[in-house]
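Okay, so here's the structure we're looking at.
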């Protein structure tokens, strides 16, 4: 089983729609299939990126070579949707093609027959989640994780056994500040998804307070389409008055939920809809044509907002997601 991801999982939905996996390195401006050995490919990579460090060169060559020559038709492939926090599993159904795809700058493609049912990240063991957390674009999934993934697909979740990591050398070369940050964000998302629904509302309210607003959180029960009201005075009389809906669940919010939220809004309201399960394309379209300003926040957006405002959050809000600042040597 091969993990093939793009930009940390940004284009997973495009992979599904087009029945492909795709990778970049388009700056090479050549069909990687023409290279008959790694040395020639390495020379092309160095010519294209002369300032690339040796470890990064080896990692790039290794991943390109795997995508074109090592991954075979019939192999299992998995990719990650970071917004929905889901893994999609399929089978490679065609050889490497170098062609313009619907995803800009991702011209190296392989066709895939995707399975209809994704796997939620939260359904995997911590060890398997960590094994899938490599920031490499392409890597072989460890055997213990493969066994667990197949067990879940068959409706038989299982405990995992220890196993050495594959692609250790490639991953070592990728240990940059950016790669560590990407892993950290996934761990923070795991923590956020582990919060209760009431804690999630308090986290969002805490972030808004850190941004300078005063907040009122609706009591449990019917909230008439709002969970939090944020405004400069805390009562909603001063503008901007931000009405917030918080949905803490695995499923993506659709257009009906967005219309329902908009239905009770005043013309001067500003809307904020937070969904840890993400949003469908129809929901995003509904938000774009809303009659009031409406911002949709998925789990990736929420992590970014929390990190940007964490140091000014109050103690109770910070305690929901305890974080430690890590310093990294500058280049």
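Read-outs: derived from the displayed coordinates by stated rules, not from any lab. Note that the structure is predicted; figures quoted are calculated from it, not measured. Using ideal geometry, Cβ is built from the backbone for each residue, glycine included, and neighbour counts are taken over all protein chains shown.
Restricted to the stretch 1-10, and to residues that are touching a residue at least 12 places away in the same chain (Cβ under 8 Å) and out of contact with any strand residue (DSSP E or B) (no Cβ under 6 Å at 6 or more places or on another chain), which residue is surrounded by the fewest Cβ atoms within 10 Å (Cβ to Cβ)?
My answer is 10.
Would you check if there is a residue in the stretch 287-294 being under 20 Å from the mean Cα position of the chain (by Cα) and touching a residue at least 24 places away in the same chain (Cβ under 8 Å)?
Scanning the stretch 287-294, I find no residue that is under 20 Å from the mean Cα position of the chain (by Cα) and touching a residue at least 24 places away in the same chain (Cβ under 8 Å), so the answer is no.
All but one of (1) in contact (Cβ under 8 Å) with a residue 40 or more places away in the chain; (2) farther than 25 Å from residue 41 by Cα hold for residue 125; which doesn't?
Just one mismatch for residue 125, condition (1).
When the stretch 18-40 is examined, which residues are found to be in a helix (DSSP H, G or I), closer than 24 Å to residue 72 by Cβ and under 30 Å from the mean Cα position of the chain (by Cα)?
18, 26, 28, 32, 33
At least 3 residues that are under 17 Å from the mean Cα position of the chain (by Cα) and more than 14 Å from residue 22 (Cα to Cα) in each: list the strands (runs of 3 or more DSSP E) lying fully within the stretch 74-142 that qualify.
86-92
Are any residues in the stretch 141-160 touching a strand residue (DSSP E or B) at 6+ places or on another chain (Cβ under 9 Å) and surrounded by fewer than 17 Cβ atoms within 10 Å (Cβ to Cβ), and if so, which ones?
Across the stretch 141-160, the qualifying residues are 150, 153.
Determine which single condition residue 13 fails, assuming it passes every other condition in (1) touching a residue at least 60 places away in the same chain (Cβ under 8 Å); (2) not in a helix (DSSP H, G or I).
(2)
Within the stretch 20-29, can one find any residue that is without any contact (Cβ under 8 Å) to a residue 60 or more places away in the chain and at negative phi?
Checked against the condition, which is being without any contact (Cβ under 8 Å) to a residue 60 or more places away in the chain and at negative phi, the stretch 20-29 yields at least one hit.
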